[in-house]
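Asks: Handing you a structure now.
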Number of protein chains: 2
Amino acid sequence: MSTETTGWRPAPPLPDFAQLRGQVLLRLDQLLPAGGPAPPRLHDAMRDALLGPGKRLRPILTVLAARRFGGDEAAALDAGCAVEMVHAASLVLDDLPCMDNALLRRGRPTTHQAFGQDTAILAAIGLLSQAYGLLAALPAVPDDRRARMVAVLAGAVGAQGLVGGQEIDLHARQQHVAPGQVDELNHLKTGVLFVAALEAGAVLAGASEDCLPPLRRFGRHLGLAFQTLDDVLDVAATAEAAGKDVQQDAGKPTLVSLFGVEGAWRRALDHLRLARAELDARPACHLSALLDEVVAGLPLPAGMLRRGI
Amino acid sequence: MSTETTGWRPAPPLPDFAQLRGQVLLRLDQLLPAGGPAPPRLHDAMRDALLGPGKRLRPILTVLAARRFGGDEAAALDAGCAVEMVHAASLVLDDLPCMDNALLRRGRPTTHQAFGQDTAILAAIGLLSQAYGLLAALPAVPDDRRARMVAVLAGAVGAQGLVGGQEIDLHARQQHVAPGQVDELNHLKTGVLFVAALEAGAVLAGASEDCLPPLRRFGRHLGLAFQTLDDVLDVAATAEAAGKDVQQDAGKPTLVSLFGVEGAWRRALDHLRLARAELDARPACHLSALLDEVVAGLPLPAGMLRRGI
């Protein structure tokens, strides 16, 4: 039994997600200011991809994880912005005609629709490069942690992360039809960057090694819940409500096609419960309230999931 | 007067470029071994892009620069391989139908011809990610140097480096017609990665700050000479001899269209002379033989340039 369970500890106040989102957006705008030194058209495309409406969930995960371990708040915000740059770049590439061929993203024309495929691809690489450069040079963070954060993010993006997930989604989806395989693909497409966002915040703050595995498993379950909800949304929502092309997964095996909408919801709930269990099992890591903080900020309809976990 | 000029110092023996090239290729193959854990088709595309025939000039620059400052040879080879991964990724993207639309590269079908555009783009991002991850986790290199090498490479790739150069080449070439502007574009397209390759080696080895500016200027002149020679080759060579599509620059202002083949050659010679001057001006940095080493390995026809510098 951990000594942590013997007394009442006040839960931290839930963070104000709207305020956090505002801070992220403000900082992103500062990091890629209008009229920067890059070629103007490219720069505009990068800003368009990065600064459109978004939930900013990944940078918020980085900030919350860093807070839990006492990390520098300004550095955590910048690290979160680096993760968001990676996320924005991945959306630009996923939307390309040779991939998902999406016309709409976050309620607006996709980057290649607005700027052409060539500039969209270059903007994505520009955002990725800026993300790594930002992490590598973070002030007020020890050298070893900066280098490690770069390695964490590079691993999440690479051939065994987002890039690998997208390749499977495009060319090997029919070999990923069992529920466990769909979960694994969802993890690669979404979970790995959730995990990296959390881990980057923890590493930045100098979290002890034993806190990282449960944090990673928490991120995995959170990512799987989130991606499953996204699949539900893809089936159920109109493009106007979702702010992006929907019915993109028609014909692909998803957890919705395997289990139906209700079954997929239940699996998402299960993942959120498993996420909580990871944190509850390690009270010494002071993470138990993190799920409440995150779930409070999830864009869930009608509080449906909040009641269940 | 520097004390270095008062005595005879034996020049180091010229390195065996064929041997160095072989070491680089062997290490690249080890870093991205056949049958790796990534999705097979993606992995094959990454290997195809990385391991095709090539001069391996950039990794050799990294190794030579690191040697000059006493850097760990194995770490320098890995850092050079990271730079080569970036270079290979940039070639994959440059060749895409929406960019240069090239069919042939290094004597073989371009990556998108062999694997499709989607997998080619993902392979490029996979290579970039691996490059940053490799630098960030280099063994036997102090944390601060690893983080700084990441920042150096990210700056070279990003919107003010290769990506910016490609954007200008595609969309603003007509605004870069004066010789100085063409030089600047050539620097962005080629020189920045030469500079980063050299700087990464020097940083890895802990070179003092005062040695970096002349090394960067050396890299810039070397890159400009190299890109100018490439433009000459584009006009003069057949695709078979060049191993890639030629006449790609028809209609674009290049130093060849501005000055003719002879004039462009002379400008390349001038840049090589300026490169030597940078090194000779800083004998304390022990770089003066670097140009001989590099030029000895350049694929120059008939020793023409060697006589002139």
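Condition check ((1) modelled with pLDDT of 95 or more; (2) aromatic (Phe, Trp, Tyr); (3) touching a Pro at 6+ places or on another chain (Cβ under 7 Å)) across all residues:
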position: A:Ala140; (1), (2), (3): no, no, no
position: A:Leu153; (1), (2), (3): yes, no, no
position: A:Gln174; (1), (2), (3): no, no, no
position: A:Val177; (1), (2), (3): no, no, yes
position: A:Val182; (1), (2), (3): no, no, yes
position: A:Leu185; (1), (2), (3): no, no, no
position: A:Val192; (1), (2), (3): yes, no, no
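Asks: Look at A:Leu96 and say whether it is buried (at least 24 other Cβ atoms within 10 Å of the Cβ), touching a helix residue (DSSP H, G or I) at 6+ places or on another chain (Cβ under 8 Å), at pLDDT 95 or above and within 13 Å of another protein chain (Cβ to nearest Cβ).
Replies: no
Asks: Residue check: is A:Gly22 under 23 Å from A:Leu122 (Cβ atoms) and at pLDDT below 95?
Replies: No; evaluated as a whole, the condition is false for this residue.
Asks: Assess whether A:Leu128 counts as being more than 7 Å from chain B (Cβ to nearest Cβ) and surrounded by 24 or more Cβ atoms within 10 Å (Cβ to Cβ).
Replies: no
Asks: Would a scan of segment B:160-179 turn up a residue that is part of a helix (DSSP H, G or I) and under 13 Å from the mean Cα position of the chain (by Cα)?
Replies: yes
Asks: Residue under question is B:Ala65, and the condition is that it be away from chain A (no Cβ under 11 Å), buried (at least 22 other Cβ atoms within 10 Å of the Cβ) and among the aliphatic types (A, V, I, L, M); does it hold?
Replies: The answer is yes for B:Ala65.
Asks: Residue check, A:Asn101 against (1) more than 9 Å from chain B (Cβ to nearest Cβ); (2) within 26 Å of B:Arg41 (Cβ to Cβ); (3) touching a helix residue (DSSP H, G or I) at 6+ places or on another chain (Cβ under 7 Å); (4) surrounded by fewer than 24 Cβ atoms within 10 Å (Cβ to Cβ), all met but one. Which one?
Replies: With respect to (1) more than 9 Å from chain B (Cβ to nearest Cβ); (2) within 26 Å of B:Arg41 (Cβ to Cβ); (3) touching a helix residue (DSSP H, G or I) at 6+ places or on another chain (Cβ under 7 Å); (4) surrounded by fewer than 24 Cβ atoms within 10 Å (Cβ to Cβ), A:Asn101 is out only on (3).
Asks: Suppose we filter A:Gly165, A:Gly206 for residues that are of a type outside the set (Asp, Glu) and at positive phi; which single one remains?
Replies: A:Gly206
Asks: I would also like to ask the following. Testing B:His187 on (1) touching a Leu at 6+ places or on another chain (Cβ under 8 Å); (2) on the phi > 0 side of the Ramachandran plot, one condition comes back false. Which one is that?
Replies: (2)
Asks: Of all residues in segment A:184-196, which are crowded, with 20+ Cβ neighbours inside 10 Å and within 18 Å of A:Thr228 (Cβ to Cβ)?
Replies: Correct list: A:Leu185, A:Asn186, A:His187, A:Leu188, A:Lys189, A:Thr190, A:Gly191, A:Val192, A:Leu193, A:Phe194, A:Val195.
Asks: Here's something else I'd like to know. Any idea which residue in segment B:211-233 is nearest to B:Arg282 (Cα to Cα), counting only those that are of a type in the set (A, V, I, L, M, F, W, C) and without any contact (Cβ under 8 Å) to a residue 24 or more places away in the chain?
Replies: By that ranking, first place goes to B:Leu212.
Asks: Then there's this: Name the pairs whose Cβ atoms lie under 6 Å apart, with the first residue in segment B:138-160 and touching a residue at least 60 places away in the same chain (Cβ under 8 Å), the second part of a loop (DSSP other than H, G, I, E, B) and of a type outside the set (S, T, N, Q), and 6 or more positions between them or separate chains?
Replies: Final answer for the pair search is B:Ala140/B:Asp72.
Asks: Would you tally the residues in segment B:34-55 being in contact with a Lys or Arg (Cβ under 9 Å, 6 or more places away or on another chain) and modelled with pLDDT under 95?
Replies: Here the count works out to 6.
Asks: Go through segment A:112-122 residue by residue and tally those that are within 13 Å of A:His43 (Cβ to Cβ) and within 8 Å of chain B (Cβ to nearest Cβ).
Replies: Summing the residues that are within 13 Å of A:His43 (Cβ to Cβ) and within 8 Å of chain B (Cβ to nearest Cβ) in segment A:112-122 gives 2.
Asks: Within segment B:148-179, track down each residue that is under 30 Å from B:Leu204 (Cα atoms), within 7 Å of chain A (Cβ to nearest Cβ) and either crowded, with 24+ Cβ neighbours inside 10 Å or among the small types (Gly, Ala, Ser) (or both).
Replies: Matches in segment B:148-179: B:Val150, B:Ala151, B:Ala154, B:Gly155, B:Val157, B:Gly158, B:Ala159, B:Val163, B:Gly164, B:Gln166.
Asks: Which of the residues that make up segment B:136-147 are among the aliphatic types (A, V, I, L, M) and facing chain A (nearest Cβ under 8 Å)?
Replies: If the condition is that a residue be among the aliphatic types (A, V, I, L, M) and facing chain A (nearest Cβ under 8 Å), then B:Ala136, B:Ala137, B:Ala147 are the ones that fit.
Asks: Still on this structure, please answer the following. Out of A:Pro109, A:Pro33, A:Pro37, I need the residue that is surrounded by fewer than 21 Cβ atoms within 10 Å (Cβ to Cβ), at the interface with chain B (Cβ under 9 Å from one of its Cβ atoms) and either without any contact (Cβ under 8 Å) to a residue 40 or more places away in the chain or of a type in the set (A, V, I, L, M, F, W, C) (or both). Which one?
Replies: A:Pro37
The values are calculated or read from the model by the stated rules, or taken from the named source; none is laboratory data. As the structure is a prediction and not an experimental result, all values here were calculated from the model. Please note: Cβ atoms are built from the backbone with ideal geometry, for glycine as well, and neighbour counts cover all protein chains shown.
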